[in-house]
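Undergrad: One structure, as structure tokens, below. Some questions next.
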Amino acid sequence: MLLSETVTDASVKQYAIERLAKLLRHPDDLVYKADDVRRKLAQEKLLIDAQLSTDVRRQFDDVQEGIELLYTTKGQIGRVKTDMQQVDHLCNQAQSYLTNFDRIQKISIANRNFVRVNEFYRQFSEFHEQYTLVRQMLADAQTNFEQADFNLLRLHYFLYKLEDFRNRALGFSGVNDADSVQTLLQMFGGLDSLVSEFETFLWHVAGSIYDLALRNRANIIVQLLKVIEVEEAADRAQERETEGAGLARRQSLISGSDRLSMDSSNMGRGPKKERRIKKYKQKLLDLMHDFISKRVSDFVKQDADGLDGITEVTGFVVDELTFVAEAVAPAFPPNYFIFDEFVNEYHQAVVATTNELISGDLEGGSILMLLRWVREYYTAMRKELSIQKDRLKPALLEGREDQLAQEYLDIAVRKIREWITNLMRSEAETFTSRVDAPSMGEDGLYVTNGSVFLFEIVNQNLDVVIQAQRAKLLCDLVAECNKIFQDVGKQWRDILESEKAKQIETPENVAEGLVDYTMALANEQIR
């Protein structure tokens, strides 16, 4: 890349101006420092020119070396081409030296095929014995499951060989009449049920991973994962084979030839029947999803007693993931990223269960408890397991925290207004009837008890919000309480104006003590 492509003239001039401005800060510097600056810049220019000259020389040397290597490589490729042509020529000549080369080749192929067919016949004869052995091994494993006294790898190895032989036998090109096919199907009929029983047992083992880890039987977990890896490799091989066969058929159609050429050396092994894709790894992950979802749901609904004990879920999840990290994850291959999978599954299960619990109407206390728990949950996951909040998707409460806070605010304000309305009704009746003299405070002044109950109502709600550690909600609630206080003050002013008018207009119909109660009300408002 050229210098002119990256650095513009304007930027160079600007840099030069800025540097001169730093070197020559005062007018006198033009007299006393100009020569020194000129010499310094000249020295720097010499150094830069020398460095550029060295770099350019080095670049030319590298280019020259590359060109020489290209010429050398071209010559070597030509020599290899000549040698390969000579080898091909010698091979063709060697065939002419052997008068019976075609016959020798056919005999070699026949001998190789005979050995393979003989091996195929031996396996065919021993199939029933091997089948009986595998079924007995599976029965023993099922019997000894509680003791974890079984070998999954050995069991799967023999069963895999039986499946492979069955696929080769059914795909053998020599078996094309209906009677032979029916005979083979009857012979292999019990293998599908045996495979199904093995898979049921395998997933039973997978569902007991926690129990195996608690009993320090990580070797069984490793065997389970080895079986899954073998089946995954077989799935990939089958997919490649199917894709290759499809490509070959398409090429055959394009070329217009329906002829299928097959080397006779395939006779002994035979083409295989297409293998069923099992997707064991995905089934394992799906099983883990169902297992963890049920485990979290059962804990929330039974041990934590639903929404009332939702705060206990944090400790449960932290303990579970700690156990997974220490006892389960080490048995899995690194490419599974299994701890991250468990974290995602547990979090999603918590989100799903929580959403189910909050689907109905919630009381104010439940809303505050949820909001406090969400904060505690994220804090615990960060401190105990070093899992940041942005890794936990989707968000708890699905981002409804502000909505729930507003719902709580509406509920709290409505309740406070109801309580204060009832309090004002009682206080207004006492003020207007004035049956007894107003109460006397500790300082010898008339007071009413309304403010005591008023602030008791308000403080109870504020204390709950403070415990929930919701600063914005606390500010909003205080603002709403201020509005309520203003409404209470207006109601008292209206009552006082009404009583004053009655005292002036019809004093004979008004209860005595208005002055005392007015002083009590004033003292109460001041307080």
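The values are calculated or read from the model by the stated rules, or taken from the named source; none is laboratory data. Source: prediction; values computed, not measured. Methodologically, a virtual Cβ is constructed for each residue, glycine included, from the backbone with ideal geometry; neighbour enumeration extends over all protein chains shown. Protein only, heavy atoms only, side chains kept; ligands, DNA and RNA dropped before computing areas. Shrake-Rupley method; radii C 1.70, N 1.55, O 1.52, S 1.80 Å.
Undergrad: List the number of the failed condition for Leu357; all other conditions in (1) modelled with pLDDT under 80; (2) farther than 18 Å from Tyr408 by Cβ hold.
TA: (2)
Undergrad: Check Asp494, Asp443 and return the single one that is more than 30 Å from Glu363 (Cβ to Cβ), in a helix (DSSP H, G or I) and either free of Cβ contacts under 8 Å to residues at least 40 places away in the same chain or of a type in the set (Lys, Arg) (or both).
TA: Sole residue among the options that is more than 30 Å from Glu363 (Cβ to Cβ), in a helix (DSSP H, G or I) and either free of Cβ contacts under 8 Å to residues at least 40 places away in the same chain or of a type in the set (Lys, Arg) (or both): Asp494.
Undergrad: With respect to Glu418, determine if the residue is under 21 Å from Ser366 (Cα atoms), modelled with pLDDT of 80 or more, open to solvent by less than 60 Å² (accessible area, probe 1.4 Å) and under 60 Å from the mean Cα position of the chain (by Cα).
TA: The answer is no for Glu418.
Undergrad: If I ask for residues that are touching a residue at least 24 places away in the same chain (Cβ under 8 Å), closer than 13 Å to Arg417 by Cα and open to solvent by 40 Å² or more (accessible area, probe 1.4 Å), which ones from the stretch 454-484 would you list?
TA: Of everything in the stretch 454-484, just one residue is touching a residue at least 24 places away in the same chain (Cβ under 8 Å), closer than 13 Å to Arg417 by Cα and open to solvent by 40 Å² or more (accessible area, probe 1.4 Å), namely Glu480.
Conditions (1) open to solvent by less than 70 Å² (accessible area, probe 1.4 Å); (2) free of Cβ contacts under 8 Å to residues at least 24 places away in the same chain; (3) among the charged types (D, E, K, R), marked per residue:
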residue: Thr73; (1), (2), (3): yes, yes, no
residue: Asp88; (1), (2), (3): no, yes, yes
residue: Asp102; (1), (2), (3): no, yes, yes
residue: Lys106; (1), (2), (3): no, yes, yes
residue: Asn113; (1), (2), (3): yes, no, no
residue: Arg116; (1), (2), (3): no, no, yes
residue: Gln123; (1), (2), (3): yes, no, no
residue: Glu126; (1), (2), (3): yes, yes, yes
residue: Val134; (1), (2), (3): yes, no, no
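Undergrad: For the list (1) without any contact (Cβ under 8 Å) to a residue 24 or more places away in the chain; (2) open to solvent by less than 60 Å² (accessible area, probe 1.4 Å); (3) among the basic types (Lys, Arg), I need the number of the one condition that Arg434 fails.
TA: Here Arg434 meets the rest and fails (1).
Undergrad: Now for a different question. Output the number of residues of the stretch 231-240 satisfying the condition of being surrounded by 13 or more Cβ atoms within 10 Å (Cβ to Cβ) and either free of Cβ contacts under 8 Å to residues at least 12 places away in the same chain or in contact with a helix residue (DSSP H, G or I) (Cβ under 7 Å, 6 or more places away or on another chain) (or both).
TA: Of the residues in that region, 2 qualify.
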